[in-house]
Every structure is written in structure tokens, then in C-alpha cells.
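Student: Could you have a look at this structure, given as C-alpha cells, before my questions?
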Amino acid sequence: MSGNKRNYTARVEAGETLPDLAELCRIHEIGLDLIDRSHDLDELLDRVLEEYQTRLATLPSDALDARSGAPQPESVRKLRGLVMFATQAAALKEKAMAALELKRRAAMLEDSNGRLVKALDEAERSHARLDGVLSALSSGVMIFDARGACLKANAAARTLAGTEDDAALARLIDGGVPKDGEAEIDLPGPGGVRRTLLVSRRAMVGDPGSAVVLLTDVTERNRAVEERVRLEKLAEVLKTLSVLSHKINNPLTALLGRAQILQAQKTGDPSVAKAAAVIEEASLRIADLIRELAQVVKDGRQDAVDDLLDMSSPTPAPGGRR
Amino acid sequence: MRVHVVREGETARLFVSGCDAIDNANAPEVKAEALRLLGEASDVVVDLSGVDFLDSAGVGVLVGLFKNARLRGGRARFCGLTPGVRSVLELIQLDRIFEIYDDVATAARS
């Protein structure tokens, strides 16, 4: 507090006269009026400033003039009245400002609470939509947190993995599937038929450490790939057989014809006749084989090829020699 | 006595020079000149660093400036209070009614 303030305060407190009863009543009335208006800071300030102006206009100049000598008793009385009014006006203004600030904060809280509720509703709707999408997917989808715990798995994932247990789902990918990579996992299926699952693991954007895992049953796809490879191989074998039979058939026809000519010539040499008979018999067997080959090529069946391959295993040569 | 008004953006800065006090002798003149120069300005910073003393008429000028800014939907801020001015405003509690800042820059920023 400055020296001047002490000086003024002393002048007010050491006034020669007490405020008269009428002034006290007046200040009391103003106080009640100000309390009525204190719910609205603007209204309160308007009334306070008006009262200040009225009182300052009638306050003698010497009441505040430290340069002059001791103020007149009337000046002190009026100054005391002004200070009494000012004290309650200032206190009410501060309370009104505090109330306004509380109101402002309450409005902000209400606003942010409204936004929060809206955001929660939206999040709930998004969650429900996500659940709906996940349920509708035929592929298995699982979401894991940074510690590897399964946060969510759709019905397809549980069916494909053959378990409802989240820990078992977590073990499914634990160690076997690289981060941001994929792997095939064989699992026992119903009836002992093994199934192959393609497990793809990807990091979730915006959530470090967590991952989304897709499970796809690739058993049938792998089977289809194997079948296609088998059919391609079969086609190649059949093509080779077709070419071979065609290429063998021409010289074989010549060979059989010559053998039959030799037999018809009756050379008188029994060894020639026997050799010609053996050549003819072997040629006829080769011709039968080529016909069978042609039939196999025509049918295009795997089992026929397999049978043929069994038949084509080393056969004893005519006369018991190989 | 001279009243200066400097406009800085939306804010009008008012400064009184050439007199130590705003008192009964010059208060009507100061008030009339200030209101004339401020015109329609509603955002006012009143720099009192050039005033050493106020009497009731001088305080009445400040209340009038404060009220005028409020009537125009704006605000008046006071700064640069000398000890003499501060003690008067504190005595009649106007330091709790007015917006008071240490200097012009702080008042303009607020």
C-alpha cells in the first residue's frame, strides 16, 4: 500500500462524523439493487458506473486532493459513502465475473461433453458397422494388439482356425508368420482332412505394434493348382506318346512287311523262317502297343497312362531273352 | 494540457500530456477533447503515465471514458498508473472495476 493510500484511508477512518442514517440506508438500498443486477455483469457495471458518476459529481474536490490540507467534514462523509458503495460494488463485480467465468466454463464443458457424446455415438456406430463388415466376410480377420493379444476375431476366423479361444488364435500366428508377411499353415480339419490356411499379417496404420491378420482357406486353391500342374504334365505325356507312336508306326509297318515277305519266300532255311516269325510276332506286339497308346492318347485319362506305364515295365523278350 | 490519440490497428491509444493532474480545473476540457478524438473508437487504451494526480473530477473523466467504450460495445483499458493515480483508484476501488495493466504493450495485447 502506498503512502498516499494510507493517507487517504486514515482520512476516511478518522472522519470527524459518522455517515448519517440516511446515507447508510441509501448505500444499503444500492447494495440490494446491485445484488439484483449481479446476475448480469453488463447490467451490474452500468448501474455501478452510473452511481460512481453521481457520487463523483457531488464529491468535493478536496476529498481526494492530497495536495490540499485537511478535507472538510462533509467531504470526508461523502468520501466515506463513496468508499462504502465502491467496496460492495467491487466485490459484487468480482463475484459476477467469477460467475460469468463459471458459466463460460460450464458452457464449454457442456459443449465439449456434447461433442464427446456425439463422437462416442459415432464411434459406436462405426464399431457396429465394422462388426457387421467383419461378420459378413468369408475370410477370417483378426486384430492383435502390440503385445500379441487377440482383440477381435470374426466368426470366419474362428471357424477357419477351429477354435473360439483367443489365446489359441494368438498362438496360431505366434512365431510362424513374419511381420508384414504371410505364411501357409496346415491345420487338421474335420474328418482328419488337413486344411491349408494362408495367413497374412499387416501392421495397422496409426497403431504401432498392432496387426491385422487375414486368414484364407487355400486348401482348394492349392488342390486346383496341383490338378492344373498334373493336367499339364499329362497333356505333355500324351503329346509325347502321340508323336512316339506315330514315329514308331512307320518303320514298324516296313519291318512287319519284310518279315511277312521273308516267310512267304520259303527259302528252305529254317532259321530264316523262325527269325522272320519272331520278327513278325514282335512287330505285331509293338503294333498292339501302339494301338493301345493311340487309345490312351484319345481317352486322355491319367489312370490309363498309369496302367500303360505299368505295362511298359520290362517285358521278357520272345524266346525267354531280354 | 494536450490529449493525444494514436490509432494502432483496431485500438486507439489515448495519452494526456502537458499537465500533472486531471482535476476540477481541466477535467471538462480533457473529457471533451478525448471523446472528440476517440470518435467512434470502441477499443481504447488510456495511458496515464503522464498524469500524477486525479481529483474527483479527474476520476469522473476516467469513469466517463470507461462508460463510453462500453456504450460502443467495446472496452477501455488503463495503464501506466503513477503512484498518485493508483492510490486514488485503489481508495475508491476503481482498480477492481477497471481493467488495469502495467504498460501500453500489455494492455494492447490483452
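Student: Which lysines, on any chain, are close to A:Lys152 with Cα under 24 Å apart, when same-chain ones fewer than 8 places away are left out?
Tutor: Cross-link targets: A:Lys179.
Student: For A:Lys247, give me every one of the lysines with a C-alpha distance below 18 angstrom, ignoring sequence neighbours fewer than eight places off in its own chain.
Tutor: Filter leaves A:Lys239, A:Lys298.
Student: So which lysines can A:Lys95 reach, going by Cα to Cα under 30 Å and dropping same-chain residues fewer than 8 places off?
Tutor: By straight Cα distance, A:Lys95 reaches A:Lys5, A:Lys78, A:Lys103, B:Lys67.
Student: Sequence gap at least 6, Cα distance under 8 Å: using those rules, report the relative contact order of chain B to the nearest whole percent.
Tutor: With pairs under 8 Å counted, the relative contact order is 25 percent.
Student: Next question. Using helices alone, what [θ] at 222 nm do you get for chain A, with -39,500 (n - 2.57) per DSSP H run of 4 or more residues, divided over all residues and rounded to the nearest 500?
Tutor: After summing the helix terms and dividing by residue count, I get -23000 deg cm²/dmol.
Student: With only alpha-carbon pairs counted, each pair once and no self-pairs, how large is the Kirkwood hydrodynamic radius of the protein assembly as shown in angstroms?
Tutor: When all Cα pairs of the protein assembly as shown are included, the Kirkwood radius is 33.0 Å.
Student: Turning to a different aspect of this structure: Just to confirm the filter: which trypsin sites (Lys or Arg not before Pro) across the range B:50-110 are DSSP coil and have at most 10 other Cβ within 10 angstrom of their Cβ?
Tutor: Filter output for the range B:50-110: empty list.
Student: Counting alpha carbon pairs within less than 8 Å and at least 6 residues apart, what relative contact order, in whole percent, applies to the range A:128-190?
Tutor: Computed value for the range A:128-190: 23 percent relative contact order.
Student: Which GluC sites (Glu not before Pro) in the range A:141-238 pass both tests, a DSSP loop state and at most 11 other beta-carbon atoms within 10 Å?
Tutor: Hits after loop and neighbour filter: A:Glu164.
Student: Would you order A:Met142, A:Met97 from fewest to most other beta-carbon atoms within 10 Å of each residue's own beta-carbon?
Tutor: A:Met97, A:Met142
Student: Using Cα pairs under 8 angstrom and six or more residues apart, how large is the relative contact order of chain A, in percent? Can you show the working numbers first?
Tutor: Working: 289 pairs, mean separation 31.2, N = 322.
Across chain A, relative contact order equals 10 percent.
Student: Counting only other chains, what is the mean number of Cβ atoms within 10 angstrom of the Cβ of each residue in peptide B:61-70?
Tutor: Shielding by partners across B:61-70 averages 3.
Student: Moving on to the next point. Quick check for me: using +1 on Lys/Arg Cβ and -1 on Asp/Glu Cβ, what's the dipole size of chain A about its Cα centre, in debye to the nearest 20? Write down the numbers at each step before the final one.
Tutor: On the way: 45 positive and 50 negative charges, 338 e Å.
In debye, rounded to 20, chain A gives about 1620.
Student: Please report the spacing between the Cα centers of the range B:45-110 and the range A:269-299 in Å, no decimals.
Tutor: 130 Å
Student: Ok, one more. State, in angstrom, two size descriptors of chain B derived from its alpha carbons: Rg to one decimal place and Dmax to the nearest whole number.
Tutor: Computed over the Cα atoms of chain B, radius of gyration and Dmax are 12.4, 34 Å.
Values quoted throughout were computed directly from the atomic coordinates according to the rules given, and no laboratory measurement underlies them. What you see is a predicted model; the values in this text were computed from it and never measured. Here Cβ is always computed from backbone atoms with ideal geometry, including for glycine, and neighbour counts include all displayed protein chains.
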